[in-house]
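Just below is one structure, and these are the notes that go with it.
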């Protein structure tokens, strides 16, 4: 993803953890989340040496990172490792953040066939074949489905880190009741439209005018997994009253942002609050006069990051 070249100064500790997987981490799926568990364990065991309190750890992330934070709220593996969470523009409730077991099997089998590593009767041979693949081949062939907001490898139920779907875990109160902040940005969808611009025809420099025909076409692409009846309702609900080209562009940004980020965040925060967890929600709507993203994108996805990472500094008077 293209990032604005704004000057940033941060005091950060970057940590890579390399160690074998024990007990809860001895699994066959969700390796990225298991890596995060190991990092959290390292923080618990060592943060006091940096002046921190292992009993007051806050885990936060943005976009896919926020979805990761949400998964930790749903996992027994992560329970004792943090106290609070912040989820910026992403949750496990988003349609792009989780895949069913059947989806995982389909994507894996399709990928293995694409790279000629399918070995139904020899798992060791398959693993050796995958390890011998050049990285660029894996990066190119992993996109099994090139649809809007369909990411190749995302978390799934594994019976250890994640024991059920995010919806079922929340519905049956099998989550950690920890103080949490959820939030979204005003114009989340413009970044999504740009990120999948090769499908939709959006470009960074814009202005990306749309009309009724392209607006309806793009909704069909964005919501291809939904029924025709549901897509028709979306077209009616979001159709702008002022039918000029830029109004249709902005309307598509609204529907993309609502479906991909805003509505899932509102739904999860609401359910989390209903369970009795201390829950807060923000809507970030500030656009800096020095912002490098073009004006048509508004207060788009990830724009809050540069405003929320500044260390408090002592000043003399």
| remark: For the stretch 203-222, the count of residues that are buried (at least 18 other Cβ atoms within 10 Å of the Cβ) and assigned to a loop (DSSP other than H, G, I, E, B) equals 2
| field | Residue count, the stretch 69-85 (criterion: crowded, with 20+ Cβ neighbours inside 10 Å and in contact with a strand residue (DSSP E or B) (Cβ under 7 Å, 6 or more places away or on another chain)) | value | 6
| remark: Screening 164, 205, 198 for residues that are out of contact with any helix residue (DSSP H, G or I) (no Cβ under 8 Å at 6 or more places or on another chain) and touching a residue at least 24 places away in the same chain (Cβ under 8 Å) leaves only 205
| note | Residues of the stretch 139-170 being more than 28 Å from residue 266 (Cβ to Cβ) and either in contact with a strand residue (DSSP E or B) (Cβ under 6 Å, 6 or more places away or on another chain) or surrounded by 14 or more Cβ atoms within 10 Å (Cβ to Cβ) (or both), in sequence order, are 141, 142, 143, 144, 160
| message | Can you find a residue that is within 30 Å of residue 143 (Cα to Cα) and either surrounded by fewer than 21 Cβ atoms within 10 Å (Cβ to Cβ) or in contact (Cβ under 8 Å) with a residue 12 or more places away in the chain (or both) anywhere in the stretch 41-48? | response | no
| query | Quick check: anything in the stretch 127-136 touching a strand residue (DSSP E or B) at 6+ places or on another chain (Cβ under 8 Å), on the phi < 0 side of the Ramachandran plot and not in a helix (DSSP H, G or I)? | reply | no
| Which is assigned by TED's automatic domain parsing to the domain that holds residue 163 and within 27 Å of residue 305 (Cα to Cα), of 280, 195? | 280
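The values are calculated or read from the model by the stated rules, or taken from the named source; none is laboratory data. In this text the structure is predicted, and so the values were computed from the model without any measurement. Don't worry about glycine lacking a Cβ; one is built from the backbone with ideal geometry, like all the others, and counts go over all protein chains shown.
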